[in-house]
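> Here you go, one structure.
The values are calculated or read from the model by the stated rules, or taken from the named source; none is laboratory data. The structure displayed is predicted, hence computed values, not measured ones. Positions of Cβ are backbone-derived with ideal geometry, glycine not excepted, and every protein chain shown enters the neighbour counts.
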Amino acid sequence: MDINKYILFVRAAETGNLSKAAAQLSYSQTAASHMISSMEEELGIKLLYRGRNGVSLTEEGERIFPAAKELTEKEDMIRQLAGEENIQHGKIRIGVITSVAVKWMPQMIIEFRKKYPLVDLYMNDAINYEIMKDWFSKDVIDCAITAESGRKENETPLVKDPFYVILPPDHPLCVCETITLTHLKGETFVIPSEGTSYSVGKMLRQVKGKLMEHSGFLSDQAAIAMVCGGCGISILPKLVLDSYGCGGYVRRALDPEVYRIIYFCVPSGKTLRPTVRIFSAFAREWVKENAENVILT
């Protein structure tokens, strides 16, 4: 059994594109096609449908895929463990909320690649933790930096991320240095998906705030634009606001302070590849040196 064929098969299934998988693994298109055909011949089944828009798993391929993926991951772990003190290769699949992707990840990735140039980083950003939970359950990501934790994940708190009220420049509350819940009674709120945390929802219920009517997904940037245009006010975390500049609205701190916690999460009950353990330690150290309101010990 040639493990390289299984690695190619798994990568093709994950990317949905045999040419892309071949390029990532440094194979020619012809060689990759031959390897998949050879694997299909050895197993006596057809694994992939090939079309103009890429490849997809056949019914037989779907049955084989979980075992093939587990096989390639075990092989990857064995190679990493054999050289754990001096890791030369491997991969890390990271899930992050959008504000972390914008504010932290560019610098973090650059610095990590300088230290571990042959470790491949695959990043997925999500608007909320519900998507992240789905990625963990489907084994799409190895670790996550997120604003909410889940009972099925091992979590390390990284920072406190305070919420701020943002107001249109001509709003009467702009004269206040800080904003209390009493100030917010009866206001119209614009809340994007990343801002719909338990803390914000609790505040809205307390002040009987009204949500601006909008349909479908509202991004952080769109919510900020709505506030700038006078459609309402919003309560957003500092990391979100710092990701998109500070023009066109007035920012005020809440009194008393309300904050969310940013966590580093990995799945519980799963053996982590050495590269994931290394990235976990690297990310925590990076946060200590570069982030505000750090709560790491």
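> Just one of the numbered conditions (1) aliphatic (A, V, I, L, M); (2) within 30 Å of ALA21 (Cβ to Cβ); (3) at pLDDT 85 or above is not true of ILE131; which one?
(3)
> Which condition number does SER219 fail, the rest of (1) under 26 Å from PHE136 (Cα atoms); (2) buried (at least 16 other Cβ atoms within 10 Å of the Cβ); (3) modelled with pLDDT under 90; (4) among the hydroxyl-bearing types (Ser, Thr, Tyr) being met?
Here SER219 meets the rest and fails (2).
> Residue under question is ALA281, and the condition is that it be part of a helix (DSSP H, G or I), outside the structural domain of HIS183 (by TED's automatic domain parsing), over 16 Å from LYS160 (Cβ atoms) and not aromatic (Phe, Trp, Tyr); does it hold? Before the answer, list the steps.
Numbers: part of a helix (DSSP H, G or I): yes; outside the structural domain of HIS183 (by TED's automatic domain parsing): yes; over 16 Å from LYS160 (Cβ atoms): yes; not aromatic (Phe, Trp, Tyr): yes.
Against the criterion (part of a helix (DSSP H, G or I), outside the structural domain of HIS183 (by TED's automatic domain parsing), over 16 Å from LYS160 (Cβ atoms) and not aromatic (Phe, Trp, Tyr)), ALA281 qualifies.
> Now a separate question. Restricting to helices (runs of 4 or more DSSP H) lying wholly in region 1-109: which have 3 or more residues that are under 23 Å from SER137 (Cα atoms)? Spell out how you get there, then give the answer.
Working: elements: 3-15, 18-24, 29-43, 59-82, 98-103.
Correct list: 3-15, 59-82, 98-103.
> Specify the residue that is surrounded by the fewest Cβ atoms within 10 Å (Cβ to Cβ); the eligible residues are those in region 35-64 that are of a type in the set (Ser, Thr, Tyr) and within 11 Å of LEU18 (Cα to Cα).
As a first pass, look at region 35-64 and keep what is of a type in the set (Ser, Thr, Tyr): 37-38, 49, 56, 58.
Subset that is within 11 Å of LEU18 (Cα to Cα): 49, 56.
Working: TYR49: 11, SER56: 14.
Out of the qualifying residues, it is TYR49.
> Do we find a residue being at pLDDT 85 or above, in contact with a Ser or Thr (Cβ under 7 Å, 6 or more places away or on another chain) and either not assigned by TED's automatic domain parsing to the domain that holds ALA21 or not polar (S, T, N, Q) (or both) anywhere in region 104-117? Outline the logic, then answer.
So the first thing to find is which residues in region 104-117 are at pLDDT 85 or above, and the list is 104-117.
Next cut, in contact with a Ser or Thr (Cβ under 7 Å, 6 or more places away or on another chain) only: none.
Checked against the condition, which is being at pLDDT 85 or above, in contact with a Ser or Thr (Cβ under 7 Å, 6 or more places away or on another chain) and either not assigned by TED's automatic domain parsing to the domain that holds ALA21 or not polar (S, T, N, Q) (or both), region 104-117 yields no hits at all.
> Are there strands (runs of 3 or more DSSP E) fully within region 221-277 with at least 1 residues that are charged (D, E, K, R)? List them.
Details: elements: 234-237, 250-254, 259-267.
The qualifying strands (runs of 3 or more DSSP E) are 250-254, 259-267.
> Another question, then. Here is a check on your reading of the model: is ARG273 of a type in the set (Lys, Arg) and more than 15 Å from ILE92 (Cβ to Cβ)? Lay out the reasoning, then the answer.
Details: of a type in the set (Lys, Arg): yes; more than 15 Å from ILE92 (Cβ to Cβ): no.
Here the answer is no, as ARG273 does not meet what is asked.
> Please state which one of GLY51, GLY44, GLY83 is farther than 29 Å from ALA144 by Cβ, at pLDDT below 90 and not β-branched (Val, Ile, Thr).
One residue alone meets the criteria, GLY51.
> Let me ask you something else. What number goes with the only condition from (1) exposed (fewer than 15 other Cβ atoms within 10 Å of the Cβ); (2) among the basic types (Lys, Arg); (3) touching a helix residue (DSSP H, G or I) at 6+ places or on another chain (Cβ under 6 Å) that LYS103 does not pass?
Just one mismatch for LYS103, condition (1).
> For ILE141, indicate whether it is in a loop (DSSP other than H, G, I, E, B), buried (at least 21 other Cβ atoms within 10 Å of the Cβ) and at pLDDT 85 or above.
Details: in a loop (DSSP other than H, G, I, E, B): yes; buried (at least 21 other Cβ atoms within 10 Å of the Cβ): yes; at pLDDT 85 or above: yes.
Taking the combined requirement at face value, the residue satisfies it.
Conditions (1) modelled with pLDDT of 95 or more; (2) in contact with a helix residue (DSSP H, G or I) (Cβ under 8 Å, 6 or more places away or on another chain); (3) part of a loop (DSSP other than H, G, I, E, B); (4) not acidic (Asp, Glu), marked per residue:
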site: ASN154; (1), (2), (3), (4): no, no, no, yes
site: PRO157; (1), (2), (3), (4): no, no, no, yes
site: ASP161; (1), (2), (3), (4): no, yes, no, no
site: TYR164; (1), (2), (3), (4): no, yes, no, yes
site: HIS183; (1), (2), (3), (4): no, yes, no, yes
site: GLY186; (1), (2), (3), (4): no, yes, yes, yes
site: ILE191; (1), (2), (3), (4): no, yes, yes, yes
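> Working only within region 245-297, note down all residues that are in contact with an Asp or Glu (Cβ under 7 Å, 6 or more places away or on another chain), surrounded by 19 or more Cβ atoms within 10 Å (Cβ to Cβ) and within 30 Å of VAL227 (Cα to Cα).
Within region 245-297, ARG260, ILE262, TYR263 meet the criteria.
> I need the full set of residues from region 284-297 which are free of Cβ contacts under 8 Å to residues at least 40 places away in the same chain, assigned to a helix (DSSP H, G or I) and more than 20 Å from ASP142 (Cβ to Cβ), in order please.
Of region 284-297, the ones free of Cβ contacts under 8 Å to residues at least 40 places away in the same chain are 285, 288-289, 297.
Checking the rest, the ones that are also assigned to a helix (DSSP H, G or I) come to 285, 288-289.
The answer is LYS288, GLU289.
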